[in-house]
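Reviewing the structure listed below.
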Amino acid sequence: MNEKMNRMEFLKSLGLKGASLFAVYCAASSLTSCVNESMDPSLTSGGTGNELLLDLSSSAYSKLNTVGNYVIVSGIVIAKVSATAFAAVTQVCSHEGKRQVVFNAGEFYCSAHGARFDTAGKGLNSTGSRGLKTYVTTLEGTILKVTV
Ligand code: FES
């Protein structure tokens with residue numbers, strides 16, 4: 001059995017299934033093609049600092065129109081957490097600094113050692129107790145603004 005299969009089996013043993021398993025597995029195996037990091041969103045300077053502007057009508061980010069999906073842009077995990085809300089946190093875990101945070105089953109999750117965080121970045125288990133840095137998101141039309 002190769003390493004990928006071992007990892008897949010491990011994730012399955014955690015009880016992750018289907019799309020969730022796929023998302024976590026992609027992050028765990030560093031297949032950047034699974035998330036869209038190659039398309040640069042426009043980065044502008046706003047009144048309160050820099051902003052990422054993601055056009056949700058573009059194919060690069062349209063997956064953010066569906067609850068439960070996420071993208072990773074410039075080291076920020078941006079997720080559609082409900083019909084009306086988004087959440088954005090750093091991809092770098094507060095546990096041991098691994099860049100492995102993803103959005104899974106309604107919460108942020110680090111595939112390195114299993115840290116869990118709610119959509120406000122608050123730790124949900126001991127591994128995640130230090131929480132995650134969050135960013136403000138604002139939707140204006142089809143443009144999702146993340147203030148960084
Ligand atoms: S670095 Fe994220 S859980 Fe350990």
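Checking the structure you have, find out if any residue of the stretch 50-68 is within 16 Å of the ligand (Cβ to nearest atom), assigned to a strand (DSSP E or B) and modelled with pLDDT of 95 or more.
no
Looking at (1) more than 10 Å from the ligand (Cβ to nearest atom); (2) under 16 Å from the mean Cα position of the chain (by Cα), which one does ALA115 not meet, given that it meets all the others?
(1)
Pairs needed: first member in the stretch 85-106, touching a residue at least 40 places away in the same chain (Cβ under 8 Å) and more than 18 Å from VAL148 (Cβ to Cβ); second member anywhere, in a loop (DSSP other than H, G, I, E, B) and among the polar types (S, T, N, Q); C-beta distance under 6 Å; at least 6 residues apart or different chains.
Filtered contacts from the stretch 85-106: GLN100/SER111.
Please go through the stretch 80-104 and pick out each residue that is more than 16 Å from the ligand (Cβ to nearest atom) and touching a helix residue (DSSP H, G or I) at 6+ places or on another chain (Cβ under 8 Å).
LYS80, PHE86
Applying the selection to the stretch 82-101, what residues are of a type in the set (Val, Ile, Thr) and surrounded by fewer than 22 Cβ atoms within 10 Å (Cβ to Cβ)?
Selection gives THR84, THR90, VAL92.
The values are calculated or read from the model by the stated rules, or taken from the named source; none is laboratory data. Remember, it's a predicted structure, so these values are computed and weren't measured experimentally. For neighbour counting, all protein chains shown are included, and Cβ atoms are generated from backbone atoms with ideal geometry for every residue, glycine included.
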